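The structure under discussion appears below in the form of structure tokens.
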Amino acid sequence: MSAKKKATNKSATTTPVGGRMPGDLTREELLDRMIRVDQAGEYGAVRIYQGQLAVLGKSAKGPTIAHMKEQEDVHLETFSTMVSDRRVRPTAMMPIWHVAGFMLGAGTALLGEKAAMACTVAVEEVIDEHYQGQIKQLGDDEAEMRDTCSKFREEEVEHRDIGYEHGAREAPGFPILSGAIRSGTRFAIWLSERV
């Protein structure tokens, strides 16, 4: 028996029917998680920008922040509609994200415009990775959702680039601040998928 045939036989005996392993999510469970976490993430983003606008709304950066918030409003509305149409359970963490998002936005804005932009950069870098992962998992049967995630990912990358253009790297303690925000954002994603 050739090495190639042996490898084929081995994988045929160790991979369950359909390629799923015990404990793997079904396709429907995976899609529910995606929609749940995307709604939560967009809600958190809206709250971050609302917090930033509460502090910096009348500054020179106000219109830029308002523009990014308007795009996040559309993202949130889209995923909220999906939650409703597909009868997906929203995350139970919404009340926490309501407060935490606003506090993160306002708190970084109180540190200055560059710190607010550092917050945007950190969050959007994680969201870029998150959407990329989802896009890879979505097949042609979910082409509309894949296209939505692709479009929204492009806008999140635009927000990240705006943050860099407006001095995010010059924020006091940028590496520490952005690292902490990225870690918190990854944890919020993980939690929102599950709770």
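A few remarks follow.
- In the chain, Cα pairs under 8 Å separated by at least six residues give a relative contact order of 26 percent.
- Label reach from GLU144 (point 7 Å along Cα→C-beta): in region 73-92, amide nitrogens under 20 Å belong to 74-90.
- Inter-label distance, nm, simple model (7 Å from Cα along the C-beta direction), MET103/ARG87: 3.6
- Distance distribution note for the chain: the fraction of Cα pairs above 24 angstrom is 44%.
- Rounded to the nearest 10 degrees, the inclination of helix 3-14 to the longest alpha-carbon principal axis of the chain is 70 degrees.
- Of GLY167, GLY101, GLY51, the one that fluctuates the most in a GNM where the chain has Cα springs shorter than 10 Å: GLY167
- Acute angle (nearest 10 degrees) that the helix 94-110 long axis makes with the longest principal axis of the chain, alpha-carbon atoms: 40
- Cα-Cα over 20 Å, subset of LYS61/LYS151; LYS58/LYS114; LYS69/LYS114: LYS61/LYS151
- Estimated FRET transfer efficiency (GLN137, ALA54; beta-carbon r; R0 22 Å; 0.05): 0.05
We did not get these values from a lab; they are worked out from the coordinates using the rules stated. As the structure is a prediction and not an experimental result, all values here were calculated from the model. Note that each Cβ is placed from the backbone with ideal geometry, even for glycine, and that neighbours are counted across all protein chains shown.
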